[in-house]
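Values quoted throughout were computed directly from the atomic coordinates according to the rules given, and no laboratory measurement underlies them. Just so we're clear, the structure is a prediction, and the values are computed from it rather than from any experiment. Methodologically, a virtual Cβ is constructed for each residue, glycine included, from the backbone with ideal geometry; neighbour enumeration extends over all protein chains shown.
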Amino acid sequence: MIHDQADYTREEESVHEPLLSEKGEETVDVREKSPLSDDLIREELTLPAPSEPEIARHYTRLSQMNWAIDSGPYPLGSCTMKYNPKFTEDVAADPNAAVHPDRPDRAVQGNLELQYRLQEFLADVGGMDAVTLQPPAGAAGEFTGILIAKAYHEHHGNDRSEVVIPASAHGTNFATAATAGYDVVELPSGEDGRVDLEALEAAVGDDTAALMLTNPNTVGLFERDITEIAEIVHDAGGLLYYDGANLNALLGRGRPGDMGFDVMHYNVHKTFATPHGGGGPGAGPVGVTEELAEFLPSPRVRETNGEKGYERFEPDESIGKVHGFEGNWLVLIKTYAYIARLGDEGLADAAAKAVLNANYLAERIDLEVPYGPFHHEFAATAGERDAADVAKRMLDFGVHPPTTKWPEMVPEAMLTEPTEIEGQSSLDDLAEAFDLAYADVDEALETAPNRTAAARIDQVGAARNPRLSWQALEDE
Ligand SMILES: *Cc1c(COP(=O)(O)O)cnc(C)c1O
């Protein structure tokens, strides 16, 4: 059972938690304490001076002003907001994990073995032949993957200028292709919400470097014609890029490599339960087939030839580095721990439950779901209502709302992905929050949310003109 908490009202525009510096400051004599030479240090430094309880309360309050997977369901479609099991934090906190990456291979054999095994795990899950762990996010993985495709075409003397992307794709796909120097050819969706084969045939040709696709696609639909899609793109001489954001629907049940994809990224912070949000850190390893392996970034890890052990190496035609050292290493340890704990059966079970949960929830809500059958996520429509208003109202009922107004092929879309971690009662709460918000009076929708620390935030302003420090705030 959930409760309408709308009788709680904010006194001001937003709940105010003072900056630590507003609670008192002290001036520290840095010259006396620092080992650096005088020309490298400032005259004096003013720092906040809270007591330990004040610090603990400050950060606890701040954490409670935000939504978190640790405090409630978080069905943000496409983002796969899984609970992050805490044992992975213990593993990553092992002092032996945080060694300096510049140490020689022989001194970090355990870490190299873990990297090697993770490369193998991921290759196995994706049906790929070789993997780099370096990219720090899904979008960075996309960019790496498309640079690899580009290097492959250039290596073979092919001059190709276009990347084909379905209109329903994630914004990062378009940005990736454009940033890598390609012209984007947008592919309209077919009536059933999937790739339209005729439109695809018309879109690909001698200029096609790659098709970027996720499967299930961004409304959760499995691209049943994936074999034909791969054939059309390959016959035209292009490569198939798999956006791995939706891999959670396929774990242990289907592999992009077997579907004909040549290169893919994994969002480990989605599929493999590493922390996600607030800008990271995540990781976006990239997997490729044998013929693309020589272009992968360096370093990669392999078994030492002849002797027992592991070594880092640079692939022959490597595109270079896309991040420092081995990428977001501690995140990769959590990924490894999660996969090792679940095993083949656990991963396949996660995918099955993710699909079951999405279908159960969709069945329970009053909102219409135009496209199906879907897998791990669905795009409901708010119809005549504003999807963003409904979402804001859902916050008052104690759940995080879905992704809104995307993909655009569903009007007033509410893209919902409960993931496998929610139990039945939590799915029932979600369904109730959906229905109560959807059926609420206009006034309640327009003024929601009432229960959160801040009401409606200037999202464009926050993205375009971020103030990332208290100094920047104070300067204003
Ligand atoms: C999340 C997402 C990405 C980008 O991944 P990040 O790790 O957030 O950079 C790309 N494609 C789709 C479909 C996604 O959902």
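Diffusion coefficient (Stokes-Einstein, Kirkwood radius over C-alpha pairs, 37 °C, 0.692 mPa s) for region 86-341: 178 µm²/s, rounded to a whole number. For the chain, the Stokes-Einstein estimate of translational diffusion at 37 °C and a viscosity of 0.692 mPa s comes to 134 µm²/s, using the Kirkwood hydrodynamic radius over alpha-carbon pairs. Percentage of Cα-Cα pair distances in region 346-463 greater than 25 Å, rounded to whole percent? That tail contains 23 percent of the Cα-Cα pairs.
The 3J(HN,Hα) values that the Karplus relation (6.51, -1.76, 1.60; θ = phi - 60°) gives for region 48-54 are, in residue order, x, 10, x, 7, 4, x, 4 Hz. Gly and Pro appear as x.
List the trypsin sites (Lys or Arg not before Pro) within region 63-153 that DSSP assigns to loop and that have no more than 13 neighbouring Cβ atoms inside 10 Å.
Within region 63-153, the qualifying trypsin sites (Lys or Arg not before Pro) (loop, at most 13 other Cβ atoms within 10 Å) are 86.
Its Kirkwood hydrodynamic radius, worked out from the mean inverse distance over all distinct Cα pairs, puts region 268-421 at 18.9 Å. Summed over qualifying helices (DSSP H, 4 residues or more, each -39500 (n - 2.57)) and divided by its residue number, the chain shows a 222 nm mean residue ellipticity of -11000 deg cm²/dmol.
Spin-label model, residue 41/residue 456: points 7 Å from Cα along the beta carbon direction are separated by 5.1 nm.
Here the calculated FRET efficiency for residue 443 and residue 368, from their Cβ-Cβ distance with R0 = 30 Å, stands at 0.80, rounded to the nearest 0.05. Among the GluC sites (Glu not before Pro) within region 296-342, those in coil by DSSP and having at most 16 neighbouring Cβ atoms inside 10 Å are 307, 317.
Normalising by the residue count of the chain, find the relative contact order in percent from Cα pairs under 8 Å and 6+ residues apart. Don't jump to the answer; show the numbers that get you there.
Working: 923 pairs, mean separation 98.3, N = 476.
Reported as a whole number, the value is 21 percent.
Taking a ≥ b ≥ c as the square roots of the eigenvalues of the Cα gyration tensor, region 1-150 is classed as oblate, since a/c reaches at least 1.5 and a/b does not exceed b/c.
Model label sites at residue 471 and residue 178, defined 7 Å from Cα along the beta-carbon direction, differ in position by 3.3 nm. Can you bin region 210-280 into rounded, prolate or oblate? Criterion: square roots of the alpha carbon gyration tensor eigenvalues sorted a ≥ b ≥ c, rounded for a/c under 1.5, prolate for a/b above b/c, oblate for the rest. Verdict is prolate for region 210-280.
Summing charges over all other residues whose Cβ lies under 10 Å from the Cβ of residue 17, with Lys and Arg as +1 and Asp and Glu as -1, gives +1.
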